[in-house]
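Q: Submitted below is the structure of interest, expressed as structure tokens.
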Amino acid sequence: MSRNNLLLIVGVIVVAAVIIFNLDMQVEDKKETVSFKPAVVFDMGGKFDKSFNEGVWNGVKKFTEETGIEVMEFEVTNETQREQAMRRMVDKGATVVLGVGFAQADAISKVAAENPNVQFSIIDVGWLDAPNLRQYVFKEHEGSYLVGIAAAKATKTGKVGFVGGQDIGLISKFACGYVGGVKSVLPNADIYENMTGSTPSAWNDPARGAELTRSQIDRGADVVYHAAGGTGVGVIQAAADAGKLAIGVDSNQNGLAPGSVLTSMLKRVDVAAYETFMDAKNGKFTSGVKALGIAEGGVDWALDENNESLITADIKSALEAAREAILSGSVTVHDYLTDQTCPY
Amino acid sequence: MADFWFQFLLALDSSIRVATPLILGAMAGIFSERSGIIDISLEGKMLMAAFVAAAVAYGTGSPWLGAIAAIIVSIIASLIHGFACIIHRGNQVISGLAINILASGLTVIIGIALFRQGGQTPTLPKSARFNSIELPFAQYFADNIPILGVVYKELISGHNILVWLALASVGITYYILFKTTFGLRLRAVGEKPEALDSAGISVSKMRFQAIIIAGILCGLAGVYLSTATGAGFVKEMTAGKGYIALAAMIFGKWRPVPALFACLMFGFLEAVAARVQGAEFPIIGEISSDLLLALPYVLTVVLLAGFIGGVSPPRAIGQPYIKER
């Protein structure tokens with residue numbers, strides 16, 4: 001046997017080994033993907049939006065860190081991409097797809113109906129119905145109740161404000177919980193409530209948000225809670241400019257105006273994201289609507305270095321007591337959406 | 001009763017703040033439309049300017065640089081509008097609409113690319129904004145002079161520089177339009193461009209000059225929204241203010257001073273709406289704030305329908321000028 005032939009044979013063996021090994025790997029890979037492959041579709045704004053999407057991203061990150069399983073992701077940059085993105089995830093073999101925000105409701109219900117063997121989950125939607133779709137809603141009224149207590153404890157004038165975004169039932173739910181919290185501490189408090197408007201542009205009108213806040217401050221309010229999306233940026237800034245306090249919403253907004261944001265009502269979307277993937281991984285995926293409240297760790301109030309000087313021991317203990325009361329069931333916060341009225 | 005008057009005063013103060021971008025927008029509209037160019041792109045130009053002002057002010061820390069950049073971008077948008085409908089004689093409404101759509105998409109996309117915060121800019125620190133200016137002796141007068149002192153402190157003092165610029169723009173617009181040769185020509189080009197042409201004055205040049213001025217004013221309106229009354233850009237933050245300015249301009253019959261009062265009235269209705277929302281009144285009960293907010297539009301439609309004196313827009317408005325050869 002010549003030297004050349006020997007080299008050739010060794011070469012063939014090596015190549016064959018590599019190919020077989022790789023094939024083997026691929027089979028292994030395939031097995032993995034068939035059993036479990038999570039995906040998430042972030043909505044407009046992207047995963048570092050310092051708000052909703054970033055909350056979901058934090059939950060995803062936690063899941064990946066704990067399990068070592070990578071989550072496929074897509075960041076939607078315009079409205080037509082939502083459905084495409086979900087379809088693409090399914091095509092790539094995703095076994096569970098998480099949608100972020102009510103704007104994806106239509107897309108997910110369509111794609112879920114077409115792919116009955118894939119599990120879907122969506123955050124902030126509670127009105128769809130599909131056997132393979134889990135929906136997360138939050139008990140915002142409970143979180144609003146807590147920050148209402150904080151507001152009532154922090155006000156010096158006995159007057160507080162609320163600025164909502166679009167005038168819809170969901171926002172009345174925030175308002176009603178907040179009023180309940182305030183009145184549980186100060187039964188005679190004056191509460192000024194303003195809705196920014198009746199069209200979707202009410203979510204993106206910080207100038208009007210600031211003006212509404214000033215109108216409330218003019219009337220004596222010194223703590224203003226907002227549930228108004230982008231409009232709320234104006235609320236927080238108007239309160240800060242006037243030397244009063246604001247309360248943020250959804251994500252931790254304490255840092256938007258350090259020292260002027262009393263606290264923020266947190267919607268823990270990260271909990272929903274983490275739970276979706278964990279349940280799917282462990283075969284515990286269920287469809288239907290899941291409501292996350294204080295008991296489930298779904299809503300909370302924010303405490304960090306930006307507001308620790310504002311949260312006195314008194315406020316803190318009142319908030320802890322209220323949380324305990326809700327957990328134990330001795331206090332039930334009314335949900336406006338159940339009967340469209342607010343009893344407080 | 002004293003409290004009622006104090007609240008009334010504060011509502012007036014609020015009207016001025018709400019009206020400021022409307023006034024600047026309406027004056028921009030007057031310049032553009034008086035020269036014969038329909039300008040529904042007020043909204044888009046304001047939005048672009050608001051974004052650029054916030055982005056540059058955040059990057060450089062200087063609201064002035066932000067304002068300059070915003071005005072330049074707003075002028076560029078005006079020039080695009082002019083390129084389409086003066087040079088190429090395109091449809092002015094469609095060109096304006098295109099600029100609005102471009103503005104609403106582009107601001108968000110660039111915003112996401114630059115700041116990764118969902119199309120918002122980061123919140124601006126106080127030093128990167130136009131802050132309110134307390135006039136001298138405000139507190140002293142309020143304490144020592146009855147009524148007028150309080151009016152001085154609450155109504156006149158405490159506005160930022162753009163509010164003053166907006167009010168000044170009304171006088172300047174009036175002066176330019178009605179007291180200068182340039183203004184005479186500008187009005188003529190919107191009424192009877194062929195007359196101007198036969199006098200040897202370029203119609204295109206006049207119209208370009210008019211829309212550049214409109215661009216500057218729109219830029220200031222955007223600057224006001226994101227770096228004076230606001231502290232940063234939020235997507236779609238103009239929220240229809242450009243269209244309301246347009247309505248105010250029509251309500252003011254394409255004249256600066258009546259347009260100013262239309263803007264102030266729209267602002268006042270909004271300020272009152274904010275205060276009556278949810279409040280119970282004796283006898284009449286709760287007043288619908290939506291109704292108050294809709295009132296400006298209803299009034300504008302009624303006006304356009306010819307019930308209040310009738311309106312006559314510039315005669316050559318919307319028509320591209322074609323030189324006879």
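Q: For region A:174-190, in order, what is each residue's ³J(HN,Hα) by Karplus, 6.51 cos²θ - 1.76 cosθ + 1.60 with θ = phi - 60°, in whole Hz (x at glycine and Pro)?
A: Working through the residues one at a time gives 4, 4, 5, x, 4, 4, x, x, 4, 6, 5, 9, 10, x, 9, 5, 8 Hz.
Q: A follow-up question, please. HN-Hα J couplings of region A:129-141 from phi, Karplus 6.51/-1.76/1.60, θ = phi - 60°, integer Hz, Gly and Pro as x?
A: These are the phi-based 3J(HN,Hα) values: 8, 8, x, 10, 10, 9, 10, 10, 10, 10, 7, 4, 5 Hz.
Q: So, R0 is 56 Å and r is the distance between the beta-carbons of A:Glu70 and B:Phe137; what FRET efficiency does that work out to, to 0.05?
A: Calculated value: 0.25.
Q: What order do you get for A:200-212, A:88-100, B:187-199, A:242-254 when each peptide is scored by the mean count of other beta carbon atoms within 10 Å, highest first?
A: The peptides rank, most packed first, as A:200-212, A:242-254, A:88-100, B:187-199.
Q: Name the residue, out of A:Gly220, A:Gly68, A:Gly197, whose mean-square fluctuation peaks in a Gaussian network model built on chain A with Cα pairs under 10 Å.
A: Maximum fluctuation in the GNM of chain A, among the listed residues, is at A:Gly68.
Q: How big is the convex hull of the Cα atoms of chain A, per residue, in Å³?
A: 174 Å³
Q: For the ranges B:128-138, B:229-239, B:43-53, what's the packing order if you count other beta-carbon atoms within 10 Å of each residue, average per peptide, and put the highest first?
A: B:43-53, B:229-239, B:128-138
Q: Would you mind calculating the relative contact order of chain A from Cα pairs under 8 angstrom and at least 6 residues apart, reporting the percent as a whole number?
A: Answer for chain A is 17 percent.
Q: Show me the ranking of peptides A:50-59, B:110-119, A:283-292 by mean Cβ neighbours inside 10 Å, starting with the highest.
A: Packing proxy ranking, top to bottom: A:50-59, B:110-119, A:283-292.
Q: Select from B:Gly171, B:Ile244, B:Leu269 the residue farthest towards the positive end of the dipole of region B:155-299; place +1 on Cβ of Lys and Arg, -1 on Cβ of Asp and Glu, and compute about the Cα centre.
A: B:Gly171
Q: For B:Gly158, which sequence-distant residues (separation of 5 or more, or a different chain) have an amide H within less than 5 Å of its own amide H, given hydrogens modelled in the peptide plane?
A: Answer set, sorted by chain and number: B:Ile133, B:Glu134, B:Leu135.
Q: Now, a different point. At what distance in nm do the modelled label points of B:Ser127 and A:Ser328 sit from each other, each positioned 7 Å from its Cα along Cα→Cβ?
A: 5.1 nm
Q: Among A:Ser109, A:Ile217, B:Gly96, pick out the residue whose Cα is farthest towards the positive end of the charge dipole of the protein assembly as shown, where Lys and Arg carry +1 and Asp and Glu carry -1 on C-beta, about the Cα centre.
A: Checking the options against the dipole of the protein assembly as shown, the answer is B:Gly96.
Q: Now, a different point. Hey, got the average number of other protein chain Cβ atoms within 10 angstrom for residues in B:110-123?
A: Average neighbour count from other chains, rounded to a whole number: 5.
Q: Could you name the aspartates and glutamates whose alpha carbon sits less than 18 Å from that of B:Lys192, not counting residues in the same chain fewer than 8 places away?
A: List returned: B:Glu33, B:Glu324.
Q: Here's another thing I want to ask about it. Would you grab the residues whose amide H sits under 5 Å from the one on A:Val40? Only those 5+ places off in sequence or on another chain, please, with H modelled 1.01 Å from N.
A: Under 5 Å from the amide H of A:Val40 lie the amide H atoms of A:Met72, A:Glu73, A:Phe74, A:Leu98, each far enough along the sequence or on another chain.
Q: Amide H of A:Ala130: which non-local residues (sequence gap of 5 or more, or other chain) have their own amide H closer than 5 Å, using H built in the peptide plane?
A: It is A:Gly288, by chain and number.
Q: Enter the mean number of other protein chain beta carbons within 10 Å of the beta carbon of each residue in A:39-46, as an integer.
A: That works out to 3 on average.
Q: My understanding is that a pair violates if its Cα-Cα distance is over 24 Å; which of A:Lys159/A:Lys290; A:Lys62/B:Lys235; A:Lys37/A:Lys284; A:Lys61/A:Lys281 do that in this structure?
A: Going by Cα-Cα distance, A:Lys159/A:Lys290; A:Lys62/B:Lys235 fall outside the 24 Å limit.
Q: To continue, here is another question. How many angstrom lie between the C-alpha centres of region B:58-120 and region B:165-189?
A: 25 Å
Q: In sequence order, what are the phi-derived ³J(HN,Hα) couplings for region A:77-91 according to the Karplus relation 6.51 cos²θ - 1.76 cosθ + 1.60 with θ = phi - 60°, rounded to whole Hz, with x for glycine and proline?
A: With the stated coefficients, region A:77-91 comes to 10, 8, 4, 6, 7, 4, 5, 3, 4, 5, 4, 5, 4, 5, 4 Hz.
Q: If you don't mind, another one. Fewest to most neighbouring Cβ within 10 Å: what's the order for B:Val298, A:Val160?
A: The most exposed by this proxy come first: B:Val298, A:Val160.
Q: Right, next: Could you work out, residue by residue across A:199-209, how many beta carbons of other chains sit within 10 Å of that residue's beta carbon, and then give the average as an integer?
A: Counting other chains' Cβ atoms within 10 Å and averaging over A:199-209 gives 6.
Q: Among rounded, prolate and oblate, which fits the protein assembly as shown when a ≥ b ≥ c are the square roots of the eigenvalues of its C-alpha gyration tensor, a/c under 1.5 means rounded, and a/b larger than b/c means prolate?
A: oblate
Readers should treat all values here as calculations from the given coordinates under stated rules, not as data from a laboratory. Quick caveat: nothing in here was measured; it's all calculated off a predicted structure. Neighbour counts are summed over all protein chains in view; Cβ atoms, including those assigned to glycine, are modelled from backbone coordinates with ideal geometry.
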